[in-house]
Amino acid sequence: MSLYKEYMLQRQNYFGFPFAADDIIFDTELVSKVIYDLKGGKAPDLAGLTAEHLQRAHPVLPVILSKLFQSIVMVKHVPVWFGHRYIVPLPKSKDYVSKPLSCEDFRGIAISPVIAKVFEYCFLQ
């Protein structure tokens with residue numbers, strides 16, 4: 001069997017990435033809805049931004065973010081700062097006052113950039 005025929009046979013069963021970049025549309029309404037649905041009262045990210053900042057921002061912000069997100073998908077490159085997080089240790093037990101603590105007595109939560117969360121929620125929808 002020739003190499004070309006073998007390639008064509010294998011290609012018939014190949015699905016690849018389930019959607020193209022043209023199929024994903026981050027419109028302003030989607031970004032606005034995701035920003036509105038963010039839970040408040042969370043810790044700020046490394047830039048000092050919280051969900052409340054985005055919810056109370058100028059109405060042009062969802063337009064700008066939708067263009068940013070569309071550019072990210074079109075270029076197929078996520079900004080490096082979307083991955084910057086910091087970890088906050090939280091005690092697991094309630095009796096942390098009465099006993100000496102070790103590393104096993106804490107759990108960590110990672111604080112992610114709020115704009116990266118908006119992108120993630122938009123992408124999932």
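Just a few scattered comments:
- When every residue of segment 56-65 is checked against the conditions, none turns out to be touching a Gly at 6+ places or on another chain (Cβ under 8 Å), at pLDDT 90 or above and within 23 Å of ILE115 (Cα to Cα).
- Out of TYR86, TYR121, one residue alone is within 21 Å of LEU30 (Cβ to Cβ) and at pLDDT below 95. It is TYR121.
- For segment 97-125, a tally of residues being more than 26 Å from TYR36 (Cα to Cα) and surrounded by fewer than 13 Cβ atoms within 10 Å (Cβ to Cβ) returns 9.
- Candidate set: segment 44-66, residues that are more than 16 Å from the chain's Cα centre (by Cα) and touching a residue at least 24 places away in the same chain (Cβ under 8 Å); chosen: the one surrounded by the most Cβ atoms within 10 Å (Cβ to Cβ): LEU61
- Per-region count, segment 8-41, residues in a helix (DSSP H, G or I), touching a helix residue (DSSP H, G or I) at 6+ places or on another chain (Cβ under 8 Å) and modelled with pLDDT under 80: 1
- Boolean, SER93 is among the hydroxyl-bearing types (Ser, Thr, Tyr), under 26 Å from GLN125 (Cα atoms) and surrounded by 10 or more Cβ atoms within 10 Å (Cβ to Cβ): no
- Where a residue in segment 1-27 is farther than 30 Å from ILE64 by Cβ and β-branched (Val, Ile, Thr) and its partner, wherever it lies, is modelled with pLDDT of 80 or more and part of a helix (DSSP H, G or I), with Cβ under 7 Å and at least six apart: none
- Within segment 89-118, the residues that satisfy the criterion of being assigned to a loop (DSSP other than H, G, I, E, B) and either modelled with pLDDT of 80 or more or among the hydroxyl-bearing types (Ser, Thr, Tyr) (or both) are LYS92, SER93, TYR96, SER98, SER102, SER112, PRO113.
The values are calculated or read from the model by the stated rules, or taken from the named source; none is laboratory data. Values in this document were obtained by computation on a predicted structure and should not be read as measured data. Note that each Cβ is placed from the backbone with ideal geometry, even for glycine, and that neighbours are counted across all protein chains shown.
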